[in-house]
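Everything on this sheet refers to the single structure shown next.
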Amino acid sequence: MKVYHEAMISIRQLRCIAALDETLHFHRAAERCHISQPALSNQIRQMEEELGVVLVERSKRRVMMTQVGHQVAERAKAILRDIEELKHLTRGGEKPLSGTLRMGVLPTLGPYLLPHILPALIAKFPDLKLYLREEPVGRLVEELMHGDLDLLLVSLPQRRDDITVYPMLWEPFWAALPISHPLAAREELELTDLKGEMLILLERGDCLREGELKLCQSSGAGEHPDFRATSLDSLRQMVATGLGATVLPALYVNSEARKDDKIAVRPFRPRGEDGRGAGREIDLVWRRTSTRAAEFRMFAELIRSNLPDVVTLL
């Protein structure tokens, strides 16, 4: 008679393999799991013994997940996400928007939008602990689907079947010009006024760049061949030195660029039936399977009620 051993995998082991798969570094994975490195190594070895497979290739120089190790880690992340959803489901009697909310936000958005939101959020939901993470949109979506984040405030490049998208606001683009630029004498611009301009844009990898490129195509402008910026502040400073013009999102203009007397910022005239002109859509995004949809909609309405007038509601 064959006796089968039933593998007993703990939640701690699931967290350890998930962290190691994401960091590919024992020390960083241990820090993420709030345990020592030897303890994490021991948890991984126990898991390998229970499953009867090698999950991790170890060497002095690097850590590599085996193919089955990566598959196990992906499944572990899904299980951990389901456990978090289960915990929240059982806390259904608690106040809405209490406890911890982990939100991902774009680096080109969060610092310029959240100051308008946080005072009202603290006043209305004092028991809420808001944890923020700023990353590019691709990374944020990955962390959302892995269960590391609950909610995103982003400009989503494309829709997905496994997420819910709650349209929030339209953020226009503004032109940012050197003080001596001929267009700086105007109060308002047409997109076509940029025809022939070589605009300084953000580096590849930032989703705002995609909107900038679309504006270039529709206006007849081009991308400056020699200069790119790593942040909105860098863009503004490059314009201030006279290197060229650029476009900036309205919330950043409202927060930072309007105060800079070394550049001129000018809005574009609205165009089209919707009257929006060039800009980007900002959405609140969560997993379609989340049990917190009602809370997230409540959160969305609080944001929408505390927006500055440089953006428009969707």
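Where a number appears in this text, it was derived from the coordinates with a stated rule and is not lab data. Because the structure is predicted, anything quoted here is derived from the model rather than measured. In this analysis, Cβ positions are derived from the backbone assuming ideal geometry, glycine residues included, and neighbour counts consider all displayed protein chains.
What fraction, in whole percent, of alpha-carbon pairs in the chain exceed 27 Å separation? Kindly include the intermediate steps, with their values, before the conclusion.
Details: 26625 of 49141 pairs.
Roughly 54 percent, once rounded to a whole number.
Calculate for the chain the 222 nm mean residue ellipticity that helices alone would give, adding -39,500 (n - 2.57) per DSSP H run of length 4 or more and normalising by residue count, nearest 500 deg cm²/dmol.
Working: 10 runs with 125 residues, N = 314.
Counting only the DSSP helices, I get -12500 deg cm²/dmol.
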### Query
How large is ³J(HN,Hα) for each residue in the range 227-239, as worked out from phi by the Karplus curve 6.51 cos²θ - 1.76 cosθ + 1.60 (θ = phi - 60°), to whole Hz, x for Gly and Pro?
10, 9, 10, 9, 7, 5, 4, 5, 4, 4, 5, 5, 5
### Query
How much net charge surrounds Gly104 when only the other residues with a Cβ under 11 Å from the Cβ of Gly104 are counted, with Lys and Arg +1 and Asp and Glu -1?
-3
### Message
Just to be sure I understand: with springs between alpha-carbon atoms less than 10 Å apart, which residue in Gln46, Gln158, Gln37 has the highest mean-square fluctuation in the Gaussian network model of the chain?
### Response
Gln158
### Message
Between helix 137-146 and the chain, what is the angle of the helix's C-alpha long axis to the longest principal axis, kept within 0 to 90° and rounded to the nearest 10?
### Response
30 degrees
### Task
With an 8 Å cut-off on Cα pairs and a minimum separation of 6 or more residues, tell me the relative contact order of the chain in percent.
20 percent
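When a footprinting reagent is the concern and you count Cβ atoms within 10 Å, what order do Glu143, Glu197 take, fewest first?
Numbers: Glu143 18, Glu197 21.
The order, fewest Cβ neighbours first, is Glu143, Glu197.
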#### Entry: the chain: angle of helix 37-51 to the longest principal axis, Cα-based, in degrees nearest 10
60 degrees
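Can you sort Arg133, Arg15 by how many other beta carbons sit within 10 Å, fewest first? Let's see the in-between values first.
Working: Arg133 15, Arg15 21.
Ranking Arg133, Arg15 by Cβ neighbours within 10 Å, fewest first, gives Arg133, Arg15.
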### Fraction of antiparallel bridges per DSSP, the chain only, in percent to nearest 5
65 percent
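Near Ile35, within a Cβ-to-Cβ distance under 13 Å, what is the net charge of the other residues, with Lys and Arg +1 and Asp and Glu -1?
Numbers: positive: Arg12, Arg15, Arg28, Arg32; negative: Glu31.
Summing Lys/Arg as +1 and Asp/Glu as -1 gives +3.
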### Summary
Amide H neighbours of Leu199 at under 5 Å, excluding residues fewer than 5 places away on the same chain, with H built from the backbone geometry, are Gly222, Glu223, His224
### Message
Neighbour counts of other C-beta atoms within 10 Å: give me Lys129, Lys214 arranged from fewest to most.
### Response
Lys129, Lys214
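Quick one: if the Förster radius is 25 Å, what FRET efficiency do Asp261 and Ala123 give, using the C-beta to C-beta distance and rounding to 0.05?
On the way: r = 34 Å, r/R0 = 1.38.
That gives a FRET efficiency of 0.15.
From the cross-link list Lys129/Lys262; Lys214/Lys259; Lys195/Lys262; Lys214/Lys262; Lys195/Lys259, which pairs have alpha carbons spaced over 32 Å apart? Working shown, then result.
Working: Lys129/Lys262 39 Å; Lys214/Lys259 27 Å; Lys195/Lys262 23 Å; Lys214/Lys262 27 Å; Lys195/Lys259 27 Å.
As for pairs spanning more than 32 Å Cα to Cα, those are Lys129/Lys262.
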### Task
Enter the angle in degrees (range 0 to 90, nearest 10) between the Cα long axis of helix 293-304 and the first principal axis of the Cα atoms of the chain, meaning the one along which they spread out most.
20 degrees
### Query
Most fluctuating residue of Leu199, Leu51, Leu189 in a GNM of the chain with Cα springs under 10 Å: which is it?
Leu51
### Query
Picking from Pro172, Pro126, Pro136, which is most flexible by a Gaussian network model of the chain using Cα springs under 10 Å?
Pro126
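Can you give the relative contact order of the range 11-89 as a percent, counting alpha carbon pairs under 8 Å and 6+ residues apart? Each step should come with its number before you reach the end.
Working: 82 pairs, mean separation 25.2, N = 79.
Relative contact order comes out at 32 percent.
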### Message
Using alpha carbons only, how many angstrom separate the centre of the range 220-272 from the centre of the range 108-181?
### Response
21 Å
### Task
May I ask you to compute the full-extension gain from Arg204 to Glu188, defined as 0.36 nm times their residue separation minus their alpha-carbon distance, rounded to one decimal in nm?
2.9 nm
